[in-house]
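Below is one structure; the comments refer to it alone.
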Amino acid sequence: MQENLARGLQVVSRAVSTRSTLPVLNNVLLRTEDAGLKLTATNLEIGITYWVPGKIDTAGSMTVPARLLTDIVAGLPANERVDLEMQAQETLHIQAGHFETRIKGIDAEEFPAIPTAGERPTTRVPQNVLRQALGEVTFAAATDEARPILTGVLAKFEGDKLTLAAADNYRIAVKTITVLDPVEETSVVVPARSLHELSRVLTDTDTPVDIMLSPTRNQIIFHLEGIDLVSRLIDGQFVNYQQVLPKGFTTKAVVDRDQLLAAVRQASLIASSSANIVRLHVDKDAEIGVTVSAAADVGDNKSDVEAKVEGDGTTIAFNARYLLDVLTNVSANQFSIELNGPLSPSVFRPVDDRQYIHVVMPVRTTS
């Protein structure tokens, strides 16, 4: 049916290469199987396979331009039966209702081999648990290729725990979740881009996703019903982020997330015209507790946020973007902000989730 094929093409197209000099990487591989049609796309970093149920008359395989096929199928009538026929000279014939199209393709033999999930997963994780963890961690990975290891997310398996950690030069995000099958201790680094695509196909259910490491340990496979996502792993030693995690604090403020997020957003509108710096002034003797402010040539802004404050008063400056990222991506009613003066790394963590920690480096200012 049209909607099944359209959904499958939409999913695998996320892995189609946009910059490759190999024409076949712009294509999607169509291969018949007993239960229907297998769609596969890859950019050599990530590969996605999607199984579309259907009736097979004759076995075959070929590749066709992914974007063209996706657009054609998307334009067909919903709930319409779609007939695909692989014809001579690498031509795909598409017919649905009154619509008929032929697309020229490339021999399937030129398409790279993509591993699929085996029968025995390394471990399993509920999809909703993994999806939330990825959303709270992957955004903190670096996007600058200067240090390739930081463009990945460390996945450390240890017993029944999986710890995910991402870092760039200014922040660290760490989340620990429980896996369903205990495993021996092992660590791999997965490209954050791959995990971002994985989060798009995970569902908000407790149905498990299977996680498998390839025998050569250079790829990781995530399998859920009807979908395989394969990613290469990044070679190298991940940074020892634990050395940077503060062991205590001299100032602690517990704030309402929505109030703090609104205050930082307002301040960032002013800060964006300059160095994007916002300041948090924390004072246990003040009636409010936390004041968020920004000043630039265009003007200034100040917002008060109710807080329960412990310890010394302090003022600390941050890049507004990093505060907005953690407050937007991590769901919590209240955040605990733990500080050690204006120049030390600061901790942001949900009050009701001790398995998550987010460290942000402050900005050194002249005032």
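The values are calculated or read from the model by the stated rules, or taken from the named source; none is laboratory data. These numbers come from a predicted model, not from an experiment. Methodologically, a virtual Cβ is constructed for each residue, glycine included, from the backbone with ideal geometry; neighbour enumeration extends over all protein chains shown.
Of the residues making up region 233-253, not a single one is within 30 Å of A146 (Cβ to Cβ), crowded, with 21+ Cβ neighbours inside 10 Å, in contact with a strand residue (DSSP E or B) (Cβ under 9 Å, 6 or more places away or on another chain) and in the same structural domain as P345 (by TED's automatic domain parsing).
For region 121-166, filtered to residues that are charged (D, E, K, R) and touching a residue at least 40 places away in the same chain (Cβ under 8 Å), the residue that is nearest to R200 (Cα to Cα) is R131.
To keep it simple, each residue is scored yes or no on (1) touching a Lys or Arg at 6+ places or on another chain (Cβ under 6 Å); (2) loosely packed, with under 15 Cβ neighbours inside 10 Å; (3) of a type outside the set (V, I, T).
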position	(1), (2), (3)
I103	no, no, no
V137	yes, no, no
T163	yes, no, no
R171	no, no, yes
I177	no, no, no
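Looking for something in contact (Cβ under 8 Å) with a residue 60 or more places away in the chain, closer than 25 Å to A166 by Cβ and part of a strand (DSSP E or B) - is there at least one such residue anywhere in region 279-301? No, there is no match, as no residue in region 279-301 is in contact (Cβ under 8 Å) with a residue 60 or more places away in the chain, closer than 25 Å to A166 by Cβ and part of a strand (DSSP E or B). R102 passes all but one of (1) touching a helix residue (DSSP H, G or I) at 6+ places or on another chain (Cβ under 9 Å); (2) part of a strand (DSSP E or B); (3) not acidic (D, E); which number fails? Evaluating R102 over (1) touching a helix residue (DSSP H, G or I) at 6+ places or on another chain (Cβ under 9 Å); (2) part of a strand (DSSP E or B); (3) not acidic (D, E) leaves (1) as the failure. From the list S194, S199, the one residue that fits, being crowded, with 21+ Cβ neighbours inside 10 Å, within 22 Å of L164 (Cα to Cα) and under 21 Å from the mean Cα position of the chain (by Cα), is S194. If you go through region 105-114 and keep only what is aliphatic (A, V, I, L, M) and either assigned to a loop (DSSP other than H, G, I, E, B) or exposed (fewer than 11 other Cβ atoms within 10 Å of the Cβ) (or both), you end up with A113, I114.
Of the residues examined, I72 is one that is at pLDDT 90 or above and farther than 30 Å from V189 by Cα. Among the residues of region 323-354, the one identified as in contact with a Gly (Cβ under 9 Å, 6 or more places away or on another chain) and among the hydroxyl-bearing types (S, T, Y) is S331. Within region 257-275, the only residue that satisfies the criterion of being modelled with pLDDT of 95 or more and either in contact with an Asp or Glu (Cβ under 7 Å, 6 or more places away or on another chain) or not assigned by TED's automatic domain parsing to the domain that holds L324 (or both) is Q259.
Cβ separations smaller than 7 Å between residues 6+ apart or across chains give the following pairs from region 216-243 residues that are within 12 Å of L154 (Cα to Cα) to residues that are assigned to a loop (DSSP other than H, G, I, E, B): L233/N218. Residues considered: S268, S274. Of these, the only one that is part of a loop (DSSP other than H, G, I, E, B) and under 30 Å from the mean Cα position of the chain (by Cα) is S274. Residues of region 10-39 that are in a helix (DSSP H, G or I), touching a Leu at 6+ places or on another chain (Cβ under 8 Å) and within 17 Å of K104 (Cα to Cα): L25 alone. Picking from residues in region 330-343 that are polar (S, T, N, Q) and surrounded by fewer than 16 Cβ atoms within 10 Å (Cβ to Cβ), the one that is nearest to the chain's Cα centre (by Cα) is S331.
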